[in-house]
There are 2 protein chains.
Amino acid sequence: MRVAVVGANGKIGQQLVELLHNDAEHEAVALVRKEAQQKQWQDKGVETRLTDLEGSVAQLADAFAGVDAIAFTAGSGGNSGDDKTLLVDLDGAVKTMEAAQAAGIKRFVMVSAWQANNRENWADELKPYYAAKHYADRELMRSGLEWTIVRPGALTDDKGSGRVDIGEHLPAGKIPREDVAHVLLGCLTTDGMVGKAFDVISAYE
Amino acid sequence: MRVAVVGANGKIGQQLVELLHNDAEHEAVALVRKEAQQKQWQDKGVETRLTDLEGSVAQLADAFAGVDAIAFTAGSGGNSGDDKTLLVDLDGAVKTMEAAQAAGIKRFVMVSAWQANNRENWADELKPYYAAKHYADRELMRSGLEWTIVRPGALTDDKGSGRVDIGEHLPAGKIPREDVAHVLLGCLTTDGMVGKAFDVISAYE
């Protein structure tokens, strides 16, 4: 499977590209925003293309040529301001969905956030971010694409344990980004994951 | 018809409440956020209730008891920051839709923005606002409510002319808020306006 990773310069995106690239059955296309971000991938022999989530649907669709699936791992990041939250995490995600449709790609895996589906669990200081993810997820569920929505808990840079809990309503918890990347790969390669949305946190030890 | 005006303290909301209150066939319920905003309406004999678009769906549904229709005229305002754009213009609007459903109210008229349906026409500095309106409108169209979406051009405080152009794709233009309030009343009281979304600007003289 040839998978376009949107947000390949992000911490989850980087790990997902590596996983795909090191898996003989798969191929990654690393989508990044700046030319300077392409070199690291080219040096590793990973195909890379330029995209801008604040640009047009048409340029996104071009970047999806020849791809079998899309993993949306991009995030505006907590520090970039809520204008970017609206324009990247929400509108950028929906433009990516529209581009997938324009390019004839069905499979779409989304990195969302723990309990983004449930307003009662949105932390006060992160409410705008949760709202953006919430409405992006809603758009995806109604897009007609073959979607999976992965809602990780608080992300850490710890080494992955390979052990996660998955469920519709999990308690708050942490999860290493490395484990999230493995879950995304699992969603792409496991039958029966289409049309599923779930929280994921590290398994209780 | 008994119409709850969400955002009754706003410039369009105030005018719509006045129009409804002065029309023998209708009644306004002025929904405001702060107690201090209630007195002006009480002094005029207008029923007023407290609501918070950043609060729960349940308190919004309570405020809609006994109402026949909802006019959403609230806006975070350009100066309040894009966190409020996400939480008021988008999530607040969708919570209002959910509250309408919970309260069994069908009719819902939304004040949107000129060409909010069309990314190509979003002015750069207002993009987050347009995105919020865009996704609120999309949610409304899929809500099952009996919706009308009014997308006014650049709002002015000029006296209304009573003459407006309405259409699916109008050129950029201005419109006095007074005229927008009249259009909203017209939408509520004219057959055939359910399921319609349109731009509205002052008529070319």
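The values are calculated or read from the model by the stated rules, or taken from the named source; none is laboratory data. This structure is a prediction, so every number in the text was calculated from the model and none was measured. With ideal geometry, Cβ positions are generated from the backbone for all residues, glycine too; neighbour counts draw on all protein chains shown. Surface areas here come from the heavy atoms of the whole protein model, side chains and all, with no ligands, DNA or RNA. Shrake-Rupley method; radii C 1.70, N 1.55, O 1.52, S 1.80 Å.
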**Prompt:** Mind checking which residues of the stretch B:89-131 are among the hydroxyl-bearing types (S, T, Y), within 19 Å of B:E168 (Cα to Cα) and within 10 Å of chain A (Cβ to nearest Cβ)?
**Reply:** B:Y130
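Residues checked against (1) surrounded by fewer than 23 Cβ atoms within 10 Å (Cβ to Cβ); (2) modelled with pLDDT of 95 or more; (3) among the hydroxyl-bearing types (S, T, Y):
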site	(1), (2), (3)
A:K44	yes, yes, no
A:R49	yes, yes, no
A:D68	yes, yes, no
A:T73	no, yes, yes
A:N79	yes, no, no
A:K84	yes, no, no
A:K95	no, yes, no
A:A99	no, yes, no
A:A102	yes, yes, no
**Complete:** With criteria (1) among the β-branched types (V, I, T); (2) touching a residue at least 40 places away in the same chain (Cβ under 8 Å); (3) surrounded by fewer than 23 Cβ atoms within 10 Å (Cβ to Cβ), A:V6 comes up short on (3)
**Prompt:** What are the residues in the stretch A:161-198 that are basic (K, R) and touching a Lys or Arg at 6+ places or on another chain (Cβ under 7 Å), if any?
**Reply:** A:R177
**Asked** Name the residues in the stretch B:19-35 that are open to solvent by 10 Å² or more (accessible area, probe 1.4 Å) and under 15 Å from B:A181 (Cα atoms), would you?
**Response** B:L19, B:H21, B:N22, B:D23, B:H26, B:E27
**The listed residue being of a type outside the set (S, T, N, Q) and touching a Pro at 6+ places or on another chain (Cβ under 8 Å), out of A:D52, A:D83, A:D43, A:D62** = A:D83
**Complete:** Picked from the stretch B:132-165 (must be of a type in the set (A, V, I, L, M, F, W, C) and over 24 Å from B:T96 (Cβ atoms)), the residue farthest from the other protein chains (Cβ to nearest Cβ) is B:V164
**Item:** Filter result (among the hydroxyl-bearing types (S, T, Y), outside any strand (DSSP E or B) and touching a helix residue (DSSP H, G or I) at 6+ places or on another chain (Cβ under 6 Å)) within the stretch A:100-149
**Value:** A:S112, A:Y129, A:Y135, A:S143
**Request:** State which residue is least open to solvent (accessible area, probe 1.4 Å) when the search covers only the stretch A:122-132 and only residues that are of a type outside the set (S, T, Y) and out of contact with any Leu (no Cβ under 8 Å at 6 or more places or on another chain).
**Result:** A:W122
**Asked** Can you tell me how many residues in the stretch B:156-191 are of a type outside the set (S, T, Y) and in contact (Cβ under 8 Å) with a residue 60 or more places away in the chain?
**Response** 10
